[in-house]
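Notes to accompany the following structure.
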Amino acid sequence: MANKQNELTNGMFSNNPIFVQALGMCPTLATTTSATNGLGMGMATLAVLIMSNIVISLIRKLVPDKIRIPVYIIIIAGFVTMIDLLMHGFLYDLWKTLGLFIPLIVVNCLILGRAEAYASQNSVFKSILDALGMGLGFAGGLILLGSVREILGAGTWFGLPLWGDAFNVFIMILPPGAFITLGLLAAMFNWMGISREERKKKKEKAAKKAGESA
Amino acid sequence: MKIFLIFMSAILVNNFVLQRFLGICPFLGVSKKIDTAVGMSLAVIFVMVLASVITWLLNGLLVIMGLGFLKTIVFILVIASLVQFVEIFLKKVSPGLYEALGIFLPLITTNCAILGLALLNIQNNYGLLETIFNALGAGFGFGLALILFAGIREQMDFADIPKPFKGLAGTLITAGILSMAFVGFSGMIKL
Amino acid sequence: MGSYLKIGLTLMAFAIVVALLLAGVYTITEEPIAQAELNVKLESIKTVLTDPVSGELLIEESDIPGSQEKLNEKIWKESEGEKLYESKKYNGYCASPAYEFTLKDGRTAYILNGASVGYGGYVTIMCSFISNGDSMEMMRLEVLDYSQETPGLGAKIAEEPVKERFFNIPESGLEKGLVVDKDSGKSPAKTKEEEKANKKEGIISVSDLMTGATITPRGVANAINTMTEYLEQTTGGDK
């Protein structure tokens with residue numbers, strides 16, 4: 001049971017695609033102009049990630065090693081095109097907003113990375129969990145970034161007005177805002193990691209001292 | 001006249017890295033030293049122009065056959081093959097550069113800037129000449145951003161940066177300030 | 001050689017399977033995609049045909065086209081290419097096709113799509129011009145594409161209060177050629193009556209809502225002027 005939970009938390013926290021692995025930077029910066037857009041992009045990427053992980057895990061014994069990368073690319077590109085078509089037909093507004101970045105899911109190093117590093121070597125069930133963990137971690141990061149930019153830039157959250165026009169830092173919605181917000185968030189996560197490390201070291205030192213004096 | 005505008009716009013007003021957010025991964029990864037940045041930029045310009053022309057021609061073919069929806073798959077396969085060729089070519093012609101670029105050379109395949117450029121050419125209904133100039137502009141714009149950033153980062157190596165900002169965080173904030181500078185170009189060219 | 005052939009064929013097999021599956025998804029989504037695109041157009045048309053004062057839709061419910069074919073029946077003018085008309089003076093164009101609807105009260109409505117250059121590129125709008133035989137007024141507009149304008153500044157053009165400043169422009173205003181109040185030299189209107197009077201002179205009062213962003217509303221004004229130019233040429237004297 002603990003093993004299965006690990007796959008999920010691995011992708012969502014300790015090995016978070018955005019803040020730890022620094023993968024998928026392009027859509028992270030481009031589609032997070034609002035929390036809703038971040039959520040939409042995150043869900044689309046999650047869908048492709050799950051489907052491609054399933055298929056690649058299913059056929060992992062059938063693919064000759066020499067051509068595995070082109071095969072993975074074909075499969076991922078196929079699912080991305082499917083998602084693109086389905087969104088065009090059924091989720092028009094979101095499709096229009098995300099625009100170019102839906103087909104660009106193909107080159108999101110996260111998906112090819114998981115296919116190569118995990119799905120090609122693990123069972124279907126485990127691959128699904130891995131996809132869920134990584135995908136939710138990615139989506140979570142997108143929603144976080146989108147929320148910060150939307151709240152500060154437009155005074156709304158998921159479209160619901162918080163303080164509206166009263167306080168708008170609209171550079172948040174422009175490109176520089178994306179870079180700076182992500183940088184500050186990364187610094188914050190860094191700082192949390194560093195303080196956790198230092199607290200651990202202090203505990204170990206104290207335990208050692210207690211052990212020595214005992 | 002229009003192709004000149006497209007060229008300049010792709011470099012400054014709609015810089016692929018700092019405004020369109022395409023090509024961020026290599027931008028953050030290869031911009032540590034100026035000479036690797038230059039090498040990467042040249043490789044990217046080369047792949048961009050070639051890939052644009054080939055994908056533009058193939059798209060014409062796909063549309064005639066009514067198979068436009070296959071363009072994502074076809075484009076990415078073309079780009080992947082092109083990068084393979086560039087790798088083999090570089091290994092023979094300039095092994096030093098090949099070593100320096102290391103893992104980042106095959107990663108040009110997943111450089112969203114190349115696929116993004118190919119798709120934008122189609123989206124904007126560019127003709128062949130416009131496509132080529134857009135590719136050149138995109139490549140030079142990418143190179144400009146990359147080399148500028150490498151210059152800044154080489155200086156940053158000597159700065160005393162607080163611990164949480166070391167690495168990715170500080171790099172991103174610096175990129176943000178550079179991006180702010182480029183926002184100053186907006187409105188300059190109206191395509 | 002044999003092993004390369006086998007590898008090549010395996011790769012091709014994968015590609016063909018994926019392509020076939022995609023073709024299947026494509027055929028399933030062809031209808032919904034066409035319908036989604038059509039719905040977007042219809043929404044805009046319904047909006048510009050709704051009286052901004054009374055909130056009433058001015059065409060019969062049964063007259064709302066339900067399909068692309070029905071919409072095509074309403075085409076008034078179209079051209080081979082994308083543009084019906086280009087205006088050098090106003091740096092704008094009218095897009096093809098233009099539609100014609102008959103309102104419940106018998107008047108004719110012309111629906112035009114057009115654009116002129118704003119801050120970063122074209123600002124595209126859809127306008128309804130209502131003619132009662134003697135005169136024509138521009139009743140309502142929708143802003144369709146303003147993606148090149150700056151968020152928080154020019155992008156405010158799509159907000160309802162700003163759009164409203166462009167509604168119900170009488171013929172006298174259209175004939176003069178629309179300008180935004182900043183370009184007219186007149187001081188900004190302080191009351192609704194002054195706004196209305198300004199519209200008769202062809203002056204659009206937006207400076208209080210679009211401070212620091214004059215270029216975008218100027219683009220919209222020019223887009224309307226382009227349409228007026230086109231209408232004068234096509235309908236000429238008899239409206």
Distance (nanometres) between label positions extended 7 Å along Cα→Cβ at residue C:70 and residue B:89: 5.6 nm
- request: Report the dimensions of the range C:119-239 along its three principal axes from the alpha-carbon atoms, largest first, rounded to Å.
  value: 42, 30, 22
message: If you wrap a convex hull around the alpha carbons of the range B:38-83, what volume per residue comes out, as a whole number of Å³?
response: 52 Å³
task: Between the alpha-carbon centers of the range C:1-68 and the range B:34-94, tell me the distance in whole angstrom.
output: 28 Å
field: Point-to-point label distance, residue C:77-residue A:121, nm (Cα→Cβ direction, 7 Å offset)
entry: 6.8 nm
query: Cross-link partners among aspartates and glutamates for residue C:200, C-alpha distance below 17 Å, same-chain residues fewer than 8 apart left out?
result: C:134, C:137, C:164, C:171, C:175, C:181, C:183
- line: For residue B:2, counting only aspartates and glutamates whose alpha-carbon sits under 13 Å away and dropping same-chain residues fewer than eight positions off, the answer is B:130
query: Where does each of C:45, A:105, A:111 land when they are ranked from fewest to most other beta-carbon atoms within 10 angstrom?
result: C:45, A:105, A:111
- request: Report, in debye and to the nearest 20, how large the dipole of chain C comes out about its Cα centre when Lys and Arg carry +1 and Asp and Glu carry -1 on their Cβ.
  value: 720 debye
- prompt: By how many degrees, between 0 and 90 and to the nearest 10, does the Cα long axis of helix B:34-64 differ from the longest principal axis of chain B?
  reply: 20 degrees
- prompt: Can you give the FRET efficiency for residue C:175 and residue A:157, using 1/(1 + (r/R0)^6), R0 = 56 Å, r = Cβ-Cβ distance, to the nearest 0.05?
  reply: 0.75
- line: Computed over chain C: longest principal axis from alpha-carbon atoms vs helix C:215-235 long axis, angle to nearest 10 degrees, is 80 degrees
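Cα-Cα over 19 Å: which of B:190/C:89; A:61/C:6; B:71/C:83; C:156/C:196; B:33/B:166; A:200/B:163?
B:71/C:83; C:156/C:196
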message: Just to be sure I understand the rule: take each whole DSSP H helix in chain A, project its Cα atoms onto its long axis, keep it if the span is 27 Å or more and its mean Kyte-Doolittle hydropathy is at least 0.5. Which ones pass?
response: A:35-58, A:68-90, A:124-154
- line: Everything considered on the Cα gyration tensor (a ≥ b ≥ c; rounded for a/c under 1.5, else prolate if a/b is larger than b/c, else oblate), chain C must be described as prolate
- line: Here the FRET efficiency for residue C:23 versus residue A:15, based on Cβ atoms and R0 = 22 Å and rounded to 0.05, is 0.05
message: Rounded to two decimal places and with Rh computed the Kirkwood way over Cα pairs, what is Rg over Rh for the protein assembly as shown?
response: 1.01
query: What FRET efficiency comes out for the pair residue C:164/residue B:128, r = Cβ-Cβ distance, R0 = 41 Å, nearest 0.05?
result: 0.35
- request: Using +1 at the Cβ of each Lys and Arg and -1 at the Cβ of each Asp and Glu in the range C:169-239, identify which of C:207, C:184, C:234 lies farthest towards the dipole's positive end.
  value: C:207
query: Kirkwood Rh over Cα pairs of the range B:56-191 into Stokes-Einstein at 10 °C, 1.306 mPa s: D in µm²/s?
result: 89 µm²/s
message: Under 15 Å between alpha carbons, and skipping anything fewer than 8 positions from residue C:88 in its own chain: which aspartates and glutamates qualify?
response: C:229
query: What residues from the range A:149-183 fall in the zone where the backbone N is under 19 Å from a label point 7 Å along the Cα-to-C-beta line of residue A:194?
result: A:180-183
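Read-outs throughout are calculated quantities, based only on the coordinates presented, and are distinct from any laboratory measurement. Fair warning: this is a prediction, and the values are worked out from it, not measured in the lab. Cβ coordinates were reconstructed from backbone atoms using ideal geometry, including for glycine residues, and neighbour counts include every protein chain displayed.
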